[in-house]
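The values are calculated or read from the model by the stated rules, or taken from the named source; none is laboratory data. From a predicted model like this one, the values you see are computed outputs, not experimental measurements. Cβ coordinates were reconstructed from backbone atoms using ideal geometry, including for glycine residues, and neighbour counts include every protein chain displayed. Just the protein is used for accessible areas: all its heavy atoms, side chains included, with ligands, DNA and RNA removed. Shrake-Rupley method; radii C 1.70, N 1.55, O 1.52, S 1.80 Å.
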Amino acid sequence: IANLIRETIETAAGENVLREGCILLAGLGNRAVTADALGPRCVDEATVTRHIKEQDPALFRRLGSSELAALAPGVIGQTGIETAEFVRGACRGVNAALVIAVDALAARSTARLGTTVQICDAGISPGSGIGNRRAEISRASLGTPVVAIGVPTVVSAATLVLDTLEQAGSDSISPELEEALREQRDFYVSLRESDEAVTVLASLISGALSDVLGTGFI
């Protein structure tokens with residue numbers, strides 16, 4: 001799985017970009033909420049190298065890795081600052097050639113909880129999956145290519161009910177029922193083993209990134 005993630009990241013980013021300049025790893029989300037801590041935990045496991053390149057260029061050349069900087073900016077409720085503003089400022093500060101943004105997602109199906117890794121080059125809008133859409137992090141907003149990596153860790157109560165009805169053999173769900181469920185005040189739930197799942201997924205994604213960037217030397 002790690003190899004497949006690595007290959008997909010390389011395809012989305014372009015192998016040349018990964019070696020040409022500084023890569024900024026942005027771990028999005030709230031580390032105090034287990035189901036939202038995927039991004040920060042990936043940053044915790046990353047081996048940053050930008051400071052090595054600046055302080056000891058000869059050593060950096062011997063390592064043969066990409067230049068990596070990382071940040072976990074938290075969420076606007078903690079800082080009062082849009083996540084995109086943090087990322088934009090860091091991106092300019094390190095003159096990033098590529099931003100890799102990792103975030104937890106809301107699933108459209110219970111079957112995808114903790115089992116799907118989504119990788120794209122279209123960017124990401126933090127909070128959009130739970131109806132709290134924040135400023136997007138994308139090439140259009142940053143002026144820098146963005147590869148977004150996400151894993152569904154929560155599902156809405158409405159989706160949970162609809163999936164359960166379908167699994168129970170309900171052949172048709174009326175539009176009225178679906179609309180009534182969607183219009184209710186929504187709740188989001190996570191896996192019972194959410195802590196273990198996020199820990200394993202963070203290690204999986206971090207390992208794949210280390211392989212891609214050549215930073216797994218420590």
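Taking the chain as the reference, fit the longest principal axis to its C-alpha atoms, fit the long axis of helix 83-94 to the helix C-alpha atoms, and give the angle between the two in degrees, 0 to 90, nearest 10. The angle comes out near 10 degrees. Specify the residue with the greatest mean-square fluctuation among 140, 35, 148, computed from a Gaussian network of the chain linking alpha-carbon atoms under 10 Å apart. Largest GNM mean-square fluctuation: 140.
Going by average Cβ neighbours within 10 Å, how do the peptides 61-67, 27-33, 205-211 rank, with the highest at the top? Kindly include the intermediate steps, with their values, before the conclusion.
Details: 61-67: 16.0, 27-33: 20.4, 205-211: 22.3.
Answer by packing, highest mean first, reads 205-211, 27-33, 61-67.
Solvent exposure of region 1-137, expressed per residue, is 50 Å² of accessible area, with all protein chains present and a 1.4 angstrom probe. Amide hydrogen proximity for residue 123: with H placed 1.01 Å from N in the peptide plane, the residues at 5 or more positions away or on another chain lying under 5 Å are 148. Applied to region 29-40, the Karplus parametrisation 6.51 cos²θ - 1.76 cosθ + 1.60 on θ = phi - 60° returns per-residue 3J(HN,Hα) values of x, 9, 5, 7, 10, 3, 5, 10, 9, 4, x, x Hz, with x for Gly and Pro. DSSP bridge analysis restricted to the chain gives an antiparallel fraction near 25%, rounded to the nearest 5.
Taking only Cα atoms, what is the 0 to 90° angle, nearest 10, from helix 157-167's long axis to the longest principal axis of the chain? It is inclined by approximately 70 degrees. Working from label points 7 Å from Cα in the Cα-to-Cβ sense, the residue 111 to residue 200 distance is 1.9 nm. Counting only protein heavy atoms and a probe of 1.4 Å, the accessible surface of region 49-120 is 47% carbon and sulfur.
Measuring r between the beta carbons of residue 92 and residue 167 and using R0 = 35 Å, the FRET efficiency lands at 0.10.
Would you mind computing the Rg to Rh ratio of the chain from its alpha-carbon coordinates, Kirkwood style for Rh?
On the way: Rg = 18.7 Å, Rh = 18.2 Å.
Reported Rg/Rh, Kirkwood definition of Rh: 1.03.
Secondary-structure-derived ellipticity at 222 nm for the chain, considering helices only, amounts to -13000 deg cm²/dmol, per-run term -39500 (n - 2.57) for DSSP H runs with n ≥ 4. Farthest toward the positive end of the dipole of the chain, out of 109, 28, 95, is the Cα of 95, where the dipole comes from beta carbon charges about the Cα centre.
Connecting C-alpha atoms closer than 10 Å in a GNM of the chain, tell me which of 58, 96, 122 has the biggest fluctuation. Result: 58 has the largest fluctuation of those listed.
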